[in-house]
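Chemist: Next up is a structure, given as C-alpha cells.
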Amino acid sequence: MDTRVPTPMANPTIETPLPSIKVLQTATSGLENKEGIISTTSIVPTKPNIGNGTVTNNTVPEVVKPNNVIETVVDEDAVFMGGIDSFRAKVGENFDYEAMAGEEGLVKAMVTFVVERDGTITNVKAEGQNNMFNKEAEKAIKSVKGKWTPAKIKGEAVRSYFRIPVSIKFE
C-alpha cells in the first residue's frame with residue numbers, strides 16, 4: 001500500500017480554500033511568516049514496485065559498424081552528378097597544361113579512386129609512364145567540384161572503386 005495517498009475518511013478535515021485570483025494579484029509575498037511543517041526535501045521518494053513479473057533483458061543493442069570494405073562488384077555503379085562526360089569535361093578544365101610544357105605526343109594514365117558512401121572521392125592514384133602527367137591528372141581529379149552518387153548493393157550505399165582513363169595529346 002502506498003503511504004503517500006491519504007486514507008478516505010467519513011468526516012474529512014475541511015481545508016482552507018485557495019485565495020481568489022483578485023486577492024493573489026494584489027498580494028505581496030514574504031511579509032509574514034506562516035506556521036506549518038518545514039519540508040527538508042521537495043522530492044517525494046517513490047516506493048519501488050516489486051512484483052512477480054518476468055524479467056526483461058536490458059542489454060544495450062549492439063551498434064552495427066558500417067562496412068569499410070571497398071566493393072568491386074556492386075548492383076549499381078557510382079555516378080557523377082551530370083554524368084561521366086560532365087566529369088571528363090571538369091577534369092579537362094582543371095588540368096594544368098602549362099605544367100606539361102615541352103611534352104609531345106599522346107600521354108596516358110589510368111586513374112583510380114574510391115567513391116565514398118557520402119559521394120566524396122578519396123585515394124586518387126594515377127598510373128602511367130609520365131610521372132608529371134600522373135601528378136597533374138591526380139590534381140585535376142581531386143579539384144573537381146561536385147558529388148557522386150555512391151555505388152549501391154541491395155539499395156544501400158557502399159564504398160567502391162572507380163577507374164577512368166585520362167589521355168591528352170600534346171603538340
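Each reported figure results from applying straightforward, stated rules to the coordinates on display, with no laboratory input. In this text, all values refer to a predicted model and were calculated from it rather than measured experimentally. Don't worry about glycine lacking a Cβ; one is built from the backbone with ideal geometry, like all the others, and counts go over all protein chains shown.
Chemist: Report the FRET efficiency, 1/(1 + (r/R0)^6), for Thr72 and Glu127, where r is their Cβ-Cβ distance and R0 is 22 Å, rounded to 0.05.
Modeler: After rounding to 0.05, the efficiency reads 0.80.
Chemist: For Asp118 and Asn94, what is the calculated FRET efficiency with R₀ set at 30 Å and r taken between the beta-carbons, to the nearest 0.05? If you can, show how the numbers build up before the last one.
Modeler: Working: r = 21 Å, r/R0 = 0.71.
E between Asp118 and Asn94, to the nearest 0.05, is 0.90.
Chemist: Kirkwood hydrodynamic radius for the range 79-170: how many Å is it when counted over pairs of different Cα atoms?
Modeler: Hydrodynamic radius (Kirkwood, Cα pairs) of the range 79-170 is 13.7 Å.
Chemist: Could you pull out every residue, at least 5 positions away or on a different chain, whose amide H is within less than 5 Å of the one on Glu71? Hs are placed 1.01 Å off N in the peptide plane, and Pro or chain starts have none.
Modeler: Residues meeting the amide H criterion: Arg159, Ser160, Tyr161.
Chemist: Ordered by residue, what ³J(HN,Hα) values in Hz, to whole numbers, does the range 158-171 give under the Karplus form 6.51 cos²θ - 1.76 cosθ + 1.60, where θ = phi - 60° and Gly and Pro are x?
Modeler: Rounded to whole hertz, the list is 9, 6, 8, 7, 9, 10, 9, x, 10, 9, 9, 9, 9, 10.
Chemist: For the chain, count the residues as N, evaluate 2.2 N^0.38 Å, and divide the Cα radius of gyration by that value, please.
Modeler: The value comes to 2.40.
Chemist: Could you give the nm distance between label points at Glu62 and Glu104, where each point is 7 Å from its Cα heading toward the beta carbon?
Modeler: Placing both labels 7 Å along Cα→Cβ, they lie 6.5 nm apart.
Chemist: Quick query: amide H of Val79 versus all other amide H atoms, modeled in the peptide plane; which residues come in under 5 Å with a sequence gap of 5 or more or a different chain?
Modeler: Thr149
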